[in-house]
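K.L.:
Before I ask anything, here is the structure I am working with.
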Amino acid sequence: MSQRKRKSIFEIFEEFIGHVDKVFEELVGVVPFETPLCDVSKRELKPLVHMYETEDEVIVTIDLPYVRKEDIRLSASENTLKIEAPVRERIRMSRWGPYQKEVEFECFRRTITLPAIIDPEKTRAKFKDGILRVILPKKIYGYRIIVE
Amino acid sequence: MGFETPVRIVGAFKVKAGAKMLVGIPDVGLVGVIAASHIVQSLNMVEAGYLDSDEIPPIVVIHDNEPKSPIRIYNSGDFIVLTTEIVLPAQTILTVSRSITKWAKEKGVDTIIGLTGLATPNRLEIEKPAVYGVGSTPQARELLSKAGIKSFDEGLLVGTYATLLRECMRAEQPNITLLAEAHLQFPDPGASASIIETLNTLLNLNIDVGELLDKAEEIRVKARELMKKTQEQLRSLRKVQEQELPGIYV
């Protein structure tokens, strides 16, 4: 039986922001505070993510160009999926507005709030052509009801 | 010079008789935008005009200290390319499509060719994306057939390319829409390469896609923000309808 790891205050805050965004998105169809897909100060890129769910699973695909399979660090809790992946060479972007003449990025990082409670131990993932596909089986609660 | 519509096409260049107009705007996998950019560079096309409207987002692109309209038109004589790096607001799609069609008709453009992606759930398993074609007239369909391009027989098209196709049908302006199997949510340079190879066959061109494929990862990184905005638009347009089971059509 696995031990549940205590979450840091940052993880809790990140989850909270994820929930707020999700609620706003459901209510008005947009994320309230649009943020760029990068953090220049940390030299991090936020990967593009596509997520959908079936009756039994949550399926997440993540776009990870410049990443090697062996460098991907992936972890899941019951309602989050965390991805960290250094790039195999620094991604340099030049001539970025009047202030940011050139910037380099070293890794992809993102924590994704999942739409359902999943079983982290049964999660499986496959990486092909720079795209990571993660299948997270949902936790099944309840009893089977016999129909007479 | 411009039209008396909410959308104006500005540019005084002369359209060569028989010229084809290629359209690459943000949609599935950014296939059209990536393909259009590569075509403009490969054919050394010159910027000849732009599309202007009070309704498009308040954005100006600055390149080499020169402000430019975000929706630009390039010309090389035989080909005209209209492309943009902004996502058109849903309420402007009809007027933009209508203006492009009207302009093409008045200028004597032979055929408008829309370049886009076809959202393909198992794209990861596909090594070389197939390209399908839709023609608005019997002549356009014959052209596709002669070039050996698979026809898009049944299904729905949703979004800007669908509106452009419909406006062309209304105005009797020949239109061909090419759709390459693509990732719905991620930039897909591989699908763009397939569509350019199809154009090579259709229009007797010789555009090399080697460099495009070599730069695929770089393009995927640089196109992320545009893809994110496009994802939001595709969601609002209910692009998912293209993947729903077909209804009854008699």
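K.L.:
Pairs of Cα atoms under 8 Å, at least six residues apart: use those to get the relative contact order of segment B:7-235, whole percent. Let's see the in-between values first.
P.N.:
Values: 460 pairs, mean separation 60.6, N = 229.
Contact order relative to length: 26 percent.
K.L.:
Accessible area per residue of the protein assembly as shown at 1.4 Å probe, in Å²?
P.N.:
56
K.L.:
Are there any residues in segment A:56-84 with a reduction of at least 20 Å² in accessible surface when going from the isolated chain to the assembly of protein chains? Probe 1.4 Å, please list them by number.
P.N.:
A:Asp63, A:Pro65, A:Tyr66
K.L.:
How many angstrom separate the Cα center of segment B:98-168 from the Cα center of segment B:1-70?
P.N.:
19
K.L.:
Given a 1.4 Å probe, show me the residues in segment B:162-186 buried by at least 50 Å² of accessible surface when comparing the whole protein assembly to the chain alone.
P.N.:
So the qualifying set is B:Phe186.
K.L.:
Report in % the part of the accessible area of the protein assembly as shown that belongs to carbon and sulfur, leaving out ligands and nucleic acids; probe 1.4 Å. Don't skip to the end; give the middle numbers.
P.N.:
Values: 11680 of 22160 Å².
Of the solvent-accessible surface of the protein assembly as shown, carbon and sulfur hold 53 percent.
K.L.:
Continuing with this model, one more query. Mind checking which of B:Thr137, B:Thr160, B:Thr101 has the largest fluctuation in a GNM of chain B, springs on alpha carbons under 10 Å?
P.N.:
Maximum among the listed residues: B:Thr137.
K.L.:
Here's another thing I want to ask about it. Based on the alpha carbon coordinates of segment B:7-235, what radius of gyration and maximum Cα-Cα distance (Dmax) apply, in Å?
P.N.:
Rg then Dmax for segment B:7-235, in Å: 16.2, 47.
K.L.:
Further, regarding this structure: Answer with one residue from A:Leu48, A:Ala116, A:Val60: the one whose Cα lies farthest towards the positive end of the charge dipole of segment A:37-137, charges on Cβ with Lys, Arg +1 and Asp, Glu -1.
P.N.:
A:Leu48
K.L.:
Oh, and also: Hey, can you rank B:41-53, B:18-30 by average C-beta count inside 10 Å, highest first?
P.N.:
For the peptides B:41-53, B:18-30, the packing ranking is B:18-30, B:41-53.
K.L.:
What area, in nm² and to one decimal, does the C-alpha convex hull of segment A:37-137 cast on average over all directions?
P.N.:
For segment A:37-137, the mean projected area of the Cα convex hull comes to 6.8 nm².
K.L.:
Further question: Can you tell which of B:Pro129, B:Met169, B:Ile34 lies farthest toward the positive end of the dipole of segment B:7-235, using +1 and -1 charges on the Cβ of basic and acidic side chains (Lys, Arg; Asp, Glu)?
P.N.:
Among B:Pro129, B:Met169, B:Ile34, the one farthest towards the positive end of the dipole of segment B:7-235 is B:Met169.
K.L.:
So how strong a dipole does the protein assembly as shown carry about its Cα centre when Lys and Arg Cβ are +1 and Asp and Glu Cβ are -1, to the nearest 20 debye?
P.N.:
380
K.L.:
Another one. Once phi is turned into ³J(HN,Hα) by the Karplus curve 6.51 cos²θ - 1.76 cosθ + 1.60 with θ = phi - 60°, what whole-Hz value does each residue of segment B:125-132 show in order, with x for glycine and proline?
P.N.:
Using θ = phi - 60°, the values come out as 8, 9, 6, 10, x, 7, 10, 10 Hz.
K.L.:
Please compute how much accessible surface disappears when A pairs with B, both sides summed, using a 1.4 Å probe, and round it to the nearest 100 Å².
P.N.:
The summed interface area works out to 2100 Å².
K.L.:
Based on Cβ point charges of +1 for Lys and Arg and -1 for Asp and Glu, what charge dipole magnitude is obtained for chain B about its Cα centre, in debye rounded to the nearest 20?
P.N.:
The dipole magnitude comes to about 460 debye.
K.L.:
What's the average, rounded to a whole number, of partner chain beta-carbon atoms within 10 Å of each residue's beta-carbon in A:127-134?
P.N.:
Values: counts 0, 2, 6, 4, 5, 0, 1, 0.
Across A:127-134, the average partner-chain Cβ count within 10 Å equals 2.
K.L.:
HN-Hα J couplings of segment A:107-120 from phi, Karplus 6.51/-1.76/1.60, θ = phi - 60°, integer Hz, Gly and Pro as x?
P.N.:
These are the phi-based 3J(HN,Hα) values: 7, 9, 8, 6, 10, 10, 7, 8, x, 8, 7, 10, 9, x Hz.
K.L.:
Just to verify a number: what accessible area does A:Ser41 come out at with the full protein assembly present, 1.4 Å probe, Å² rounded to tens?
P.N.:
Here the residue's solvent-accessible area equals roughly 110 Å².
K.L.:
With an 8 Å cut-off on Cα pairs and a minimum separation of 6 or more residues, tell me the relative contact order of segment A:37-137 in percent. Please list the in-between numbers first.
P.N.:
Details: 205 pairs, mean separation 32.8, N = 101.
Contact order relative to length: 32 percent.
K.L.:
Continuing with the same structure: Which of B:Tyr74, B:Asn204, B:Thr101 sits farthest toward the positive end of the charge dipole of chain B, with +1 on the Cβ of Lys and Arg and -1 on the Cβ of Asp and Glu?
P.N.:
Checking the options against the dipole of chain B, the answer is B:Thr101.
The values are calculated or read from the model by the stated rules, or taken from the named source; none is laboratory data. Treat the numbers as computed from the prediction; the structure is a model and nothing was measured. A quick note on method: Cβ atoms are made from the backbone with ideal geometry, for glycine too, and the neighbour counts reach across all protein chains shown. Side chains are part of the model used for accessible areas, which takes the heavy atoms of the whole protein and leaves out ligands, DNA and RNA. Shrake-Rupley method; radii C 1.70, N 1.55, O 1.52, S 1.80 Å.
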